[in-house]
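**Q** My questions all concern the structure below.
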Amino acid sequence: MNVSAIERALARHMSARDRSRMRRVAALAARRGRRLWLVGGPVRDLLLGRAVTDVDLAIDGAVQQVGRAVARELGGRLVWHPRFSTAVISFDVGRLDLVRTRTETYAAPARLPRVRPAGIARDLARRDFSINAMALEIRPRSCGELLDPFAGRADLDAGRLRVLHEASFADDPTRVFRAARFATRFGFRVEQRTHSWLLDSVSRGEPCRLSGERVAAELRHVLREGRPAATMGLLARWELGASWGAPATPGPRGVERLRHAARRMKAIRLGDRERVALLFACAFHDLPRETRLNIADRLRVMRVERRLLVSGPERVDEILARLSRADGHAGRAAICRAANPPFLRLAALLARSDDYTRIRPFLENDGT
């Protein structure tokens, strides 16, 4: 893909707002003698012809200074993460991530890496899969050539998911979860050697060395996917259950329950937190109650997730059925009032969703 084709693809698949912000970051970087690249997932999605909704940028220095300038000039809010030299700039609509090009080394499996500044070539070499190890240089008024040192574009064309080296899953076992998500999302097959290395990592128990919080975060990412049941089914086939505290993974009934719940919830307007909490419970409800308690303890899940997880599956089914029949906000409020204490009257599930502000008046005027 030549530069003009890349420019046309950006115009088609990235919003004008994000393109303008990206060019402004490039100008501020150039003013300080720095180079800027669009990296990882956005480049992958661009080449796949999918909407580019993330703005992940890498810069070869002056991260904090450029981040501050971007926030000041564009009216954003800067959050600085010094350990990884990362600046997150949030706007009323959208955000962009600005990271220092770097290399990473892992002292032990599942440990967070030590990072050191490096050039773009070594930065791409630290990434998870070849399809995410591509970069596109961004200049104030144009784009540069596509950097693809690991043949990521060829893997995209072949529908192939491939890690960059044998120790990839040992270095970062969360990549096992990402492999399942990407394989399901894009309909890709896991390359033969990659699949062998993945299973070796699981057999060595490396995903079990991840903290419960990190595993829980990965499972929430899975449940936010368009086909969470298919992704959980793939993790089950790879025998990931021990990583979340279960001697067994969800069986066919659990996967089917999750598929049914995800399909039903597409017709229900739910906030992200409540949707994920309900799907979390559905994913594991074919397992014994003691196993579900172990999962809740291992993952240190939020209180709402825990209560839904350890409750009986019929309770979750009841909530889903009632929500799907609810007539507007008053109907949903009635369900909240009627729900048993184990569900915190469902209000806790709505605490940060936009719908809660609409349902609250009905909750407050119920005469209790």
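**Q** For the stretch 3-159, calculate the relative contact order in percent as a whole number, restricting contacts to Cα pairs under 8 Å that are 6 or more residues apart.
**A** Worked out over the stretch 3-159, it gives 24 percent.
**Q** Rounded to two decimals, what is the ratio between the C-alpha radius of gyration of the stretch 3-159 and 2.2 N^0.38 Å? Intermediate values should be presented prior to the final figure.
**A** Numbers: Rg = 15.1 Å, N = 157, 2.2 N^0.38 = 15.0 Å.
It is 1.01.
**Q** Could you grab the Rg to Rh ratio for the stretch 84-200? Cα atoms only, Kirkwood for Rh. Intermediate results must be reported in sequence, preceding the final value.
**A** Values: Rg = 15.5 Å, Rh = 15.7 Å.
Rg divided by Rh gives 0.99.
**Q** Any idea how far the Cα center of the stretch 83-139 sits from the one of the stretch 180-247, in Å?
**A** 22
**Q** In which sequence would V55, V88, V93 go, from the one with the fewest C-beta neighbours within 10 Å to the one with the most?
**A** So the residues, fewest neighbours to most, are V93, V88, V55.
**Q** Report the FRET efficiency, 1/(1 + (r/R0)^6), for R19 and D200, where r is their Cβ-Cβ distance and R0 is 35 Å, rounded to 0.05.
**A** E between R19 and D200, to the nearest 0.05, is 0.25.
**Q** Extending each Cα 7 Å along its Cβ direction at R111 and A27, get the distance between those two points in nm, one decimal.
**A** Result: 4.5 nm between the two label points.
**Q** Pull up all non-local amide H partners of L36: gap of 5 or more, or a different chain, and H-to-H distance under 5 Å with H placed in the peptide plane.
**A** For L36, the qualifying residues are I138.
**Q** Could you give the nm distance between label points at Q192 and R303, where each point is 7 Å from its Cα heading toward the beta carbon?
**A** Those two pseudo-labels are separated by 5.4 nm.
**Q** Right, next: Within a 10 angstrom radius of the beta carbon, how do C282, C208, C143 rank from fewest other beta carbons to most?
**A** Going from least to most buried by this count: C208, C143, C282.
**Q** Taking neighbour Cβ counts within 10 Å as the exposure measure, how do T194, T105 sort from fewest upward? Could you put the intermediate results ahead of the total?
**A** Numbers: T194 22, T105 11.
Fewest to most other Cβ atoms nearby, the residues stand as T105, T194.
**Q** Using each residue's phi in the stretch 253-258, evaluate 6.51 cos²θ - 1.76 cosθ + 1.60 at θ = phi - 60° and report the 3J(HN,Hα) Karplus result to the nearest Hz, with x for Gly and Pro.
**A** Coupling constants for the stretch 253-258: 5, x, 5, 5, 4, 5 Hz.
**Q** Tell me, in nm to one decimal, what length is gained between A5 and Q64 on full extension, where the rule is 0.36 nm per residue of separation less the Cα-Cα distance?
**A** Additional length available on full extension: 18.0 nm.
**Q** Another question about this same structure. Show me the ranking of peptides 222-228, 69-75, 253-259 by mean Cβ neighbours inside 10 Å, starting with the highest.
**A** On the way: 222-228: 18.3, 69-75: 15.6, 253-259: 19.9.
Ranked by mean Cβ neighbours within 10 Å, highest first: 253-259, 222-228, 69-75.
**Q** Pull out the extension gain between L74 and A217, defined as 0.36 nm times the separation in residues minus the alpha carbon to alpha carbon distance; nm, one decimal.
**A** Values: separation 143, 0.36 × 143 = 51.48 nm, distance 3.07 nm.
Once the chain is fully extended between L74 and A217, it gains 48.4 nm.
Where a number appears in this text, it was derived from the coordinates with a stated rule and is not lab data. Values in this document were obtained by computation on a predicted structure and should not be read as measured data. Here Cβ is always computed from backbone atoms with ideal geometry, including for glycine, and neighbour counts include all displayed protein chains.
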